[in-house]
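Taken together, the values in this text are just the output of simple stated rules run on the coordinates, not laboratory data. This one's a predicted model, so the numbers in the text were calculated from it and none came from an experiment. Note that we place each Cβ from the backbone using ideal geometry, even for glycine, and neighbour counts take in every protein chain shown.
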Amino acid sequence: MSLVGYRVYLTLFLFIGVISGVSSQSRAIISGNVSDQFGNLPGARVAIEGTDKSTTTDVNGFYSFDVDEGEYIVTSKFVMYTSVSKTVNVKVGDTAKLDFILKTGFSIDQPISLGSRAKPKSLLKNTAAVDIVSPQHLTNSSQVELSHILHYLIPSFHSTNQTIADGTDHIDPATLRGLGPDQVLVLVNGKRRHSSSLLNVNGTVGRGSVGTDFNAIPIASIERIEILRDGATSQYGSDAIAGVINIILKKQIEIIQIDNRVGLNIEGDGVNIYSSANFGLKIGEEGYINVTAEYRDRESINRSGEYTGAVYTNDVTEDQRLILENNFFGQTGYSGRRVMEIGSAETQNLALSFNGEIKMSDYATFYMHGGRNYREGTSKGFYRFPKDQDRVVLELFPNGFSPEIMTDIQDDAITGGIKGIKNDWDVDFSHSIGINRLDYTVNNSNNASLGVTSPRTFYAGGFLYKQNTTNLDISRTFDWLSGVNIAFGAELRVENYQIIAGEEASYIDGGSTYIDDLGMELPRIVGAQVFPGFQPENELNRFRTNSSGYLDIEANVSEKLLIRGAGRYEAYNDFRGQAIWKLSGRYRIKDEISVRAGFSTGFRAPSLHQVFFQNISTQFINGESVQVGTFNNESAVATEAFDIGKLKPELSNHFSAGISGKFSNNLSFSFDYYLINIEDRIVLSGRFAEEYETILEPFNVGAAQFFTNAIDSRTSGADISLFYKTPLGSGEFNASLGANITGTKVKGAIKVSPALTGQEEVLFNREEIARVEYGQPNYKINSLLSYDFDKLRFQMVNTLFGEVKFIHPNDGNPINWVVNDFTGNVETRDQTFSPKLVTDMAISYQFNDYMKFTLGGNNIFNVYPDKHKHAANTEDGSFTYSRRVQQFGVNGANYYLRLLLRL
C-alpha cells in the first residue's frame, strides 16, 4: 500500500476515533434497582416519560439507560404495585443511580387497556367493570391450564373438564356470566383470537356452540389478563355479548424463567407434569422479542363406579356364569368391576409462542405475536358388551371392547401490524391469521357392518377452521372540555370451515348381519363404534366474509363526569347487516369512589360451524345407543321434512350499573349489576325419531337433530369484589373476595316451525332448558388469602361453587318416574347438586433471587360433587357422578411440587 493510502486510512481512523469519543462523551447513564419490601423485582417495567425508552429489570432487579444530557422523569411500575416516578438531571459523562421501592397496590388502580380506546385508565375512571389477573396471580396459581386458572380466580368465569363427550373431553368449554362459550370474545394483545374448529354437540355446558381453546395459549407467555364484564359488541365486534377477555403477552427481555411442576392425585392416578421456559431478547435499541416453550402431560383419571348390568346375556344366572368363566372384569383393562373411564381425559400438550416489537422510526413500530400449540388426547367411550351383537363382532372381540377416541389438535396463530403516529393521530394496522384443526382416530373398535374384515383402528376425519382478520384503528385525544377521544376504524374478517371425511372403513356399510335371540337375521350398525367417520357427502369447505366499521367517542365532560358512545355496523355476506350501539358513563363521587352505568345492544352471527356442520354420531339415550344424524340447514331433511329455515343472528341488549372505590389505602371494593336479554338464541335441537323413520332410513340413523333459533333468554346477576392488604408483623397480608351471582331464564314459548307445531318439548325439552338455566353454578365465591414474610409465602384459595341441576327430559310427569334401586321407591330422576367448597393451599420458599420452591395441594379436603341419588342415572352403576352438569370436575385431591428458576 502506498504512503498516500496509509495517510488516508490514518485520517479516517482518527476521524472515527474523534467522532466516537465525542459520541461517548455526549452520553450519560441512568441505572438503578427496583425492589419491594421483600427484595428485588425482576421483570418490573422502567420507562422515561416523554420518550420511547423503556426496559424491564433483570433477575437482580437492575435496569440501565443510555441518555443524552438533560432532565428526565423516570417511572417504575409493575402490575398490582403502585407506580413511582422520580426526576433526575444528568450531564455528559454522569452515571445517575435511581433506585425504586414499590409498594403493592390494588387492581382498581391499575391502568386498563380494555373497554376504552383512549389512554389506559384505572377501573375507578372506566365506564365498565374489568377484572385483572396479575402476573402474581399467574405465577402463584396452583393450576397449569389457563381455563382452570380463570375458573378458580374469576367468579363469573366457568370452565372445567368434561367426560364421555368426544372432542369436548379435550377442549374445555369456557363461559362468562352463565352464557354460552360463543358469547364471549377473546383477544390476544387486543387482537381477535380465532375460535376452535370443534362444535360441542354432546350433553355438556355449551351444547351446540363453538368456543375458544384457552388452553392452546401457554400460561408462561402471559403477562396479565383483563376481563371486561360488559356487553361490548359495538366496541369489539360480534360475540362479545357476555364480555371480552384480553390476554396480554409478556414483553420482558432480561430474565430466563424456567418452571417445572409435577402433581399426583391421592387416588394414585392423574399424574400431571408441567414444564415451561420463557425468555426475552433485545432487538436494536428499543425492540424486543419474548419467546415461550411449554409442555404439559396429563394422565387420565377414572372415577367410574362398578358396573352392575348384563354383559353376555340378559339371563342373569347364565350371564354370571359366563362372566366368571371368561374372567370378563379381569380383561377389561380397568380395576374392579369398572368398564369405563369417567373423569379427565389423557392429554399431551406442546406449545411455542412469541411476542415482539421492532422500532422502525420515531413514529412507527412493527409488532408481531403468535405461536403453535399441538395436543394429543385420548378418551374412552361406553363399553360395547358382547351381548350387543349389532355393534360387536365377536370374532374380533369375544368379550366386547372399550373404544378409544384419540384426537390430534393443532392450533396456529400469527399477528403482525404497524402502529404509530401520523398527523397527531394514533394509527394501528394489523392482520391476524388463526387456524385450528382437529382430527379423530378411533382405536380398539370395530365397524360391525364389516364383520370379521373390520379394522380395529380408524381415521374418522376431522374439522378445520381458519380466520383471517384485518384491522385498521385510528384514534386521537383532543383538549376539548376536559379531554375528548375520538376513535374509528374498520375490520375485515374472512372465515373458512371444513369437514374432512374419514377413511372408508370408518363409515361404510359392509352389509354384515347377525342372528338375534329370536332367530331373526338383522343388519349390524354401520360405522366405527363410538365415533362413526365423516362420510364424503358430509365433507364441505365453506367461506364467509364479514366487514364492519365503528366510531367510538369518549368525552370527559368534566373532571368527574365521563360519557362514552360507540356505534358499529357489521355486514356478513350470508346475513343482513346490523347496526349496534352502546352508551355508558362514569361519575366520580369523589377521588376514591365512582359510579358507572351503561346500556348497549349486541349482535352475534351464527358460526360457520352451526350453519354447515353435519354428521352421524352414536349417542347413548337412557342406556341405549342410537345413531343420530345432525343435519345442517342446507339439507333437504332440515328444510323439507322439518321446515327449518335459515339461521338468524342472535340480538341482545345489555344493561349494567356499578360502583367502585377505596375505603382506605388498605381496602378497595366494586359492585356491579347486569341484565342481559338475548333474542333468537341458536340451539341444537332435541332428537326427532318417531314418525320420521321413513325419512331417516336412507341415512342409517334412528334420530335427527339440527340447529335453530329456538329460544329467548334473560340473564341477570351481580359481581362483587373486595381487596384488602396490610402490613402484618415483618410481612404483608393480602386478601381478596370475589362473588358472582347469576340466573338465566328461558323466556316465553319455544319457537318451532309450522311443521313442528306441538313438538316444542322434543325440539327443546326440559333437560335442554335446564342446561341453559341450571347447567352452571348459580353462584360462585372465590377467596384468596396470602401472607409474605422474609423468604416464605403462604397462600390459600377457597372456591365455593353454587348448586347445579340435572333435569331428566321425561320426568316432567310423575307417570314417567321409575323405581330407584337405591331406595326401592318410584322417584323422579331430577336432581339438584348442592354447593361445594374447594380449598387449595401452597407454601413457597424463595432460596435466593434465582430459585423458588413450592409445595401445594388442590382440593386438599378431597371434595367431590354429590353422587347420583337415583340408580337409573348411573347407567348400571358406572356413573357415580353426573356427566351432564359439572361444578369443578371429579379429580379429587391432588398435590404437587414446583421449582421456579429465574436466571
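One table, with the values for the structure above:
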{"quantity": "Straight-distance crosslink candidates among lysines, where the alpha carbon sits under 17 Å from Lys466 and sequence neighbours closer than 8 are dropped", "calculated": "Lys191"}
{"quantity": "Dipole of region 280-334 [Lys/Arg +1, Asp/Glu -1 at C-beta], most positive-end residue of Gly284, Val311, Phe329", "calculated": "Gly284"}
{"quantity": "Likely footprinting exposure, Glu318, Glu357, Glu267, Glu341, fewest C-beta neighbours within 10 Å first", "calculated": "Glu318, Glu267, Glu357, Glu341"}
{"quantity": "Top positive-direction residue, dipole computed over region 499-651 with Cβ charges, set Thr545, Phe599, Gln578", "calculated": "Phe599"}
{"quantity": "Cα-based convex hull, region 205-323, per residue volume (Å³, whole number)", "calculated": "204"}
{"quantity": "Charge dipole (region 768-873, unit charges on Cβ, about Cα centre) - positive-most of Val797, Gly812, Ile781", "calculated": "Val797"}
{"quantity": "Span-rule helices in the chain, defined as complete DSSP H runs reaching 24 Å or more along the axis (Cα) with Kyte mean at least 0.0", "calculated": "3-25"}
{"quantity": "Per-peptide average of other Cβ atoms within 10 Å, ordering 205-212, 782-789 highest first", "calculated": "205-212, 782-789"}
{"quantity": "Charged-residue dipole, Cβ positions (Lys, Arg, Asp, Glu), the chain about Cα centre, Debye nearest 20", "calculated": "3300"}
{"quantity": "Karplus 3J(HN,Hα) series, Hz, for region 539-556 with 6.51 cos²θ - 1.76 cosθ + 1.60 (x for Gly, Pro)", "calculated": "4, 7, 8, 10, 10, 8, 10, 9, 10, 8, x, 9, 9, 9, 10, 10, 10, 7"}
{"quantity": "Virtual spin-label span in nm between Met851 and Leu792, 7 Å along Cα→Cβ", "calculated": "2.0"}
{"quantity": "Relative exposure of Ile112, Ile421, judged by other C-beta atoms within 10 Å (fewest first)", "calculated": "Ile421, Ile112"}
{"quantity": "Reciprocal mean inverse distance between Cα atoms of the chain - Kirkwood radius, Å", "calculated": "29.7"}
{"quantity": "Residue order, fewest to most beta carbons within 10 Å, for His158, His194, His137", "calculated": "His137, His194, His158"}
{"quantity": "Karplus-derived HN-Hα couplings along region 807-814 (A = 6.51, B = -1.76, C = 1.60, θ = phi - 60°), whole Hz, x at Gly and Pro", "calculated": "10, 6, x, 9, 9, x, 10, x"}
